Amino acid sequence: MTPQLTDNYMVTIAERLKSAYARIALAAKKYHRNEHDVCLLAVSKTKPADFILAAYQQGHREFGESYVQEAVDKITQLANYSDIVWHFIGPIQSNKTALVASHFDWVQSIEREKIAQRLNDQRPADKAPLKVLIQVNISLEDSKSGCHPDKLASLAEFIHHCPHLELRGVMAIPAKTDDPQQQIQYFEQLRACFDRLKAQYPQIDTLSMGMSGDVEAAIAAGSTMVRIGTDIFGQRS
């Protein structure tokens, strides 16, 4: 990438990032929430480290990745930027847990005990506990990752007893729909799961739901973290 092209992308990403923040602020105001209670996770999967750096230079620090080896390469390239907070948000294969446990600050996609146990066992001793969210299959789609809502309580209890994991909340990717009421219904169901867990585990504070197409509905239902990629970095490569 030439310096000029890099500069152009930096300007574009800066503008898009500003628009994403403004969208969150507008939705928060509409639904009587504090915009600072909603974290923006910039989903940088398939995008080069230069794009992440462009957002970083605008003050952004939270980034989401879905492909383990690609993410590890970028984390290594940006190792000098030690205040970047890396979230893994994709499906986790058993043979990749060591890399995830070693390189990430957050994992948002735990759906079964086996993966939780491996992440716990493989978390380096010199690192703080890995912050984790349970992914819930809130719309009960066969094609979707996530634990069944009925199994959420038992998985949460299992994670709670893992010394190298810190349970912080829940995440979901509901079925796609253009119906705002259906969007809100899915999100309210996840909010109910979140509230039940929070009543039992006081450290829980993160309700990760909402992406580019449904940010407003997610914020209306109480999301504390929205995951936006395309609207910041452009279409996937």
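Taking Thr224, is it modelled with pLDDT under 95 and surrounded by fewer than 21 Cβ atoms within 10 Å (Cβ to Cβ)? Here the answer is no, as Thr224 does not meet what is asked. Number of residues in segment 36-46 that are in a loop (DSSP other than H, G, I, E, B) and over 15 Å from Leu17 (Cα atoms): the value is 2.
The residues of segment 56-70 that are open to solvent by less than 10 Å² (accessible area, probe 1.4 Å) and under 14 Å from the mean Cα position of the chain (by Cα), listed by number, are Phe63, Gly64, Glu65. Here Leu53 clears all of (1) assigned to a loop (DSSP other than H, G, I, E, B); (2) in contact (Cβ under 8 Å) with a residue 12 or more places away in the chain except the condition numbered (1).
Figure legend. Inter-residue proximity from segment 22-35: first residues touching a residue at least 60 places away in the same chain (Cβ under 8 Å) and outside any helix (DSSP H, G or I), second residues among the hydrophobic types (A, V, I, L, M, F, W, C) and open to solvent by less than 60 Å² (accessible area, probe 1.4 Å), beta-carbon distance below 7 Å, spacing 6+ or different chains. Indicated pairs: Tyr31/Ile219; Tyr31/Ala220; Arg33/Ile219.
Quick one: how many residues across segment 64-117 are among the hydrophobic types (A, V, I, L, M, F, W, C) and part of a helix (DSSP H, G or I)?
10
Here Ile138, Ile92, Ile134 are screened, and the one residue that is farther than 22 Å from Glu62 by Cα and touching a residue at least 12 places away in the same chain (Cβ under 8 Å) is Ile138.
The values are calculated or read from the model by the stated rules, or taken from the named source; none is laboratory data. The shown structure was predicted, so the numbers you read here are calculated from the model rather than taken from an experiment. Here Cβ is always computed from backbone atoms with ideal geometry, including for glycine, and neighbour counts include all displayed protein chains. Note: areas computed on protein heavy atoms with side chains; ligands, DNA, RNA excluded. Shrake-Rupley method; radii C 1.70, N 1.55, O 1.52, S 1.80 Å.
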